[in-house]
1. Arrange THR32, THR23 by Cβ neighbour counts within 10 Å, fewest through most, would you?
2. Counting other beta carbons within 10 Å of each Cβ, put LEU24, LEU50 in order, fewest first.
3. Using θ = phi - 60° and the Karplus form 6.51 cos²θ - 1.76 cosθ + 1.60, what ³J(HN,Hα) does each residue of segment 33-40 get, whole Hz, x for Gly and Pro?
4. Among LEU37, MET48, THR14, pick out the residue whose Cα is farthest towards the positive end of the charge dipole of segment 5-51, where Lys and Arg carry +1 and Asp and Glu carry -1 on C-beta, about the Cα centre.
5. For a quick protection proxy, order the peptides 33-39, 14-20 by their average other-Cβ count within 10 Å, most packed first.
Amino acid sequence: MRPTRSHAEARGKTHSEDGVDLTLIRWMLSLTPAERLQVLQHNIRSIMRLRGEKI
């Protein structure tokens, strides 16, 4: 679900002056609230797995 390089380049700047990856912000904003929640829940499960916690 990450933006492709050509998509990011087509939208302009890829990083802010502070080094923030603007492509990830644009990608997250392009998702519906339900899709954002799904991504975040997946990230939480991944972190829990890495910590050896039960899911």
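1. Placing the least packed residue first, the sequence is THR32, THR23.
2. Going from least to most buried by this count: LEU50, LEU24.
3. Computed from phi, the couplings for segment 33-40 are x, 5, 5, 4, 4, 4, 4, 5 Hz.
4. MET48
5. On the way: 33-39: 11.1, 14-20: 9.1.
Per-residue mean Cβ counts within 10 Å order the peptides as 33-39, 14-20.
Read the figures in this text as sums done on the coordinates, not as results from a lab. Treat the numbers as computed from the prediction; the structure is a model and nothing was measured. Counting neighbours? That spans all protein chains shown, and the Cβs are built from the backbone with ideal geometry, glycine included.
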